[in-house]
Amino acid sequence: MTAPLTPPPPPHDQSPHQAWQAPPPAGEGAGEYGQDGPGMKTELREGAVIAVAVAVSGVLLGLLWLWLAPHVPLVGEQSGKNWAVYLKDSEGEQAAGVDGTFTLLALAFGVVSAGAVFLWRRRGGVPLVVALGVGGLLASVLAWRLGMWLGPESDVIAHARAVGKGVTFSAPLKLGAKGALLAWSLSALVVHLGLTALFGPRDPEPPYEDGPYAAPPA
């Protein structure tokens, strides 16, 4: 006897909602911000623009520091051909006020720059954060050097000779606490990270499936 020639059963329809599907073609499905994708390149370009813009704005910080910082009064005394320069008010706190003015201005500039960057991009990202930090540091250094350059003469002996014996003149604009150069960067990073955490976009929740095969639509 021979077995009846029964045709094999037809294959089941492959539901488009099955979990096992063909992988996408190469290159498809790559994230917009992949390491070598156009998203990362765009972020790097934006980061470079932000760093340059923040650094250039240090000119304004330097001018405001020069304008608002208190002056440290000095007075020159002559003994024969030798000159000596002394603080007119030995108990004055003008020198501390110079550092404090720079620090407060830098903190304010950091808050403003971080808010402006967040309003422009409405998201975070490593290149943006690095650009804020580097740009803030460069801006602080530029403001510091610009304030010293535009401020009173740095050669106090020559300045004392120019104004005369016993005449009060202003000391050079100096930054005693070099840690103030980090104020802009730190405030910008903290404010930007805070704004991103509070108001930045959220990643969408992935859909939940009850097994290897999703239920077909009703």
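A cut-off under 15 angstrom between Cβ atoms defines the neighbours of ALA116, and their net charge, with Lys, Arg +1 and Asp, Glu -1, is +2. Where does the charge balance sit around SER140 when Lys and Arg score +1, Asp and Glu -1, over other residues with C-beta under 13 Å from its C-beta? Summing Lys and Arg as +1 and Asp and Glu as -1 gives +1. The modelled label-to-label distance for the pair GLN94/ALA48, using points 7 Å beyond Cα in the direction of Cβ, is 4.6 nm. Note on SER154 and VAL56: with the Förster distance fixed at 25 Å, the Cβ-Cβ geometry gives a FRET efficiency of about 0.50. Simple spin-label estimate for LEU193 and ALA162 gives 4.6 nm between the two label positions (7 Å along the Cα-to-Cβ direction from each Cα). Sorting ILE157, ILE50 by solvent-accessible area of protein heavy atoms yields ILE157, ILE50, largest first, with a 1.4 Å probe. In loop segments of the stretch 48-109 as defined by DSSP, the GluC sites (Glu not before Pro) with at most 13 further C-beta atoms inside 10 Å of their C-beta are GLU91, GLU93. Just need log10 I(q)/I(0) for the stretch 145-189 at q = 0.17, 0.22, 0.34 Å⁻¹, Debye formula, equal scatterers on the alpha-carbon atoms, no solvent, rounded to two decimals. At q = 0.17, 0.22, 0.34 Å⁻¹ the computed log10 ratios are -0.60, -0.79, -1.14. Between VAL112 and TYR86, the modelled labels are 4.2 nm apart [label points 7 Å from Cα along Cα→Cβ].
The values are calculated or read from the model by the stated rules, or taken from the named source; none is laboratory data. Every value quoted in this text rests on a predicted model; they were computed, and no experiment measured them. Virtual Cβ from ideal backbone geometry, glycine too; neighbours counted across all protein chains shown. For the accessible areas, the whole protein counts, side chains as well, though only heavy atoms, and no ligand, DNA or RNA atoms are used. Shrake-Rupley method; radii C 1.70, N 1.55, O 1.52, S 1.80 Å.
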